[in-house]
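Have a look at the structure below before the remarks.
Quick note: the coordinates plus some simple rules give every number you see, no bench work behind them. Quantities reported herein were computed from a predicted structural model and do not represent experimental measurements. Methodologically, a virtual Cβ is constructed for each residue, glycine included, from the backbone with ideal geometry; neighbour enumeration extends over all protein chains shown.
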Amino acid sequence: MGLLDGKVAIVTGAGRGIGRGEALELAAQGASVVVGEVDGEAGQAVADEITAAGGAAVVALGDCSEVENAQAIVRTAVEEFGRLDALVNNAGILRDRTLAKMTPEEWDAVIKVHLRGHYAPTHVAINHWRELGQPGRVVCTASTSGILGNFGQSNYGAAKAGIAAFAQIVAQESWKHGITVNAICPAARTRMTEGAYGSIETTDEGFDFWHPDNVAPFVAFLCSDASAHISGKVFGVQGDTVELYRPFASEAVIENGGSRWDPAVFADRVGSLFEQTGISPAAENGMKKLRYTMTNRTG
Ligand SMILES: NC(=O)c1ccc[n+]([C@@H]2O[C@H](COP(=O)([O-])OP(=O)(O)OC[C@H]3O[C@@H](n4cnc5c(N)ncnc54)[C@H](O)[C@@H]3O)[C@@H](O)[C@H]2O)c1
């Protein structure tokens, strides 16, 4: 018995990295899988791997940020496997550069693949479930780069913070329809992070903490009936750890006795916000708040 016996799931960007691991795990748990990919060869290799292991999978080729491709991906699930139960929005790209040097093309490409790449398949899947009165599961892929802020990734971080907000908002809109929407911030050794972090050392023995397949078991849980009570949440997932993030929350307040502020008084008053909280007023590297980093834990 698998956690997802009889279910049908879509994973976008499932041809390699974290998405490949998710597709394999969902199939191992009994789901039939639609492998969404722009890279047909990589997508087909994953579908072949699943079918060779006795599972069911097909490729839906195309950029998932285009609505017509998103419609085709959902249609593929229904035509090939008769239904849709879960959507894992995983496809992503990087175009890292400091903002001063970033081109409009680098900005737009990242915003489109991540934000429209979440909007389009989720929009189509949610309407499909609502028309049928059927529950559904959506797993979004955010990043600590957006939640905490990473140097050189203003485009990617803005998109990923947007995805965390997207999950929280679409979760509220979908709750009464039995559709859950959660986001993960994964971390793993993939083609994407080799570009960002350089090659990552690994050990031959023991548990490989940064293996991309480590992200998949929690995603399988979020795609299952067992997670029906969890929605609009943002989780960190890496190695053998699952973290729960608290969304932006107000930490301190100053008030002006019931009248509009004079901007000149802030120079004296605003410091209280930082004193109350211990938060530094200067720009900070939020990634230093990570519990686990690829540079301090390798293997
Ligand atoms: N690897 C990490 O540590 C890490 C950290 C935080 C977030 N993420 C996120 O996890 C997801 C997977 O990342 P990864 O590290 O496995 O990357 P990867 O580059 O190894 O794999 C991404 C896959 O997505 C596909 N893809 C890209 N654009 C697409 C599109 N428009 N439509 C369909 N497929 C598309 C690519 O062809 C590729 O196969 C991404 O959203 C990424 O931003 C990864």
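Brief remarks follow.
- The test for being touching a Cys at 6+ places or on another chain (Cβ under 9 Å) and among the hydrophobic types (A, V, I, L, M, F, W, C) holds for residue 9.
For every residue, the table says whether it meets (1) closer than 28 Å to residue 162 by Cα; (2) basic (Lys, Arg); (3) touching a Gly at 6+ places or on another chain (Cβ under 7 Å); (4) not in a helix (DSSP H, G or I).
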residue: 229; (1), (2), (3), (4): yes, no, no, yes
residue: 249; (1), (2), (3), (4): yes, no, no, yes
residue: 255; (1), (2), (3), (4): no, no, no, yes
residue: 264; (1), (2), (3), (4): no, no, no, no
residue: 275; (1), (2), (3), (4): no, no, no, no
residue: 280; (1), (2), (3), (4): yes, no, no, yes
residue: 288; (1), (2), (3), (4): yes, yes, no, no
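- Segment 47-60, subset buried (at least 17 other Cβ atoms within 10 Å of the Cβ) and aliphatic (A, V, I, L, M), residue nearest to the ligand (Cβ to nearest atom): 60
- When residue 160 is tested against (1) basic (Lys, Arg); (2) away from the ligand (no atom under 16 Å from the Cβ); (3) in a helix (DSSP H, G or I), only condition (2) is not met.
- Qualifying residue in segment 126-133 (condition: surrounded by fewer than 17 Cβ atoms within 10 Å (Cβ to Cβ), within 11 Å of the ligand (Cβ to nearest atom) and either in a helix (DSSP H, G or I) or among the charged types (D, E, K, R) (or both)): no
- Those strands (runs of 3 or more DSSP E) of segment 1-105 in which 1 or more residues are farther than 15 Å from residue 138 by Cα and touching a residue at least 24 places away in the same chain (Cβ under 8 Å) occupy 32-37, 57-61.
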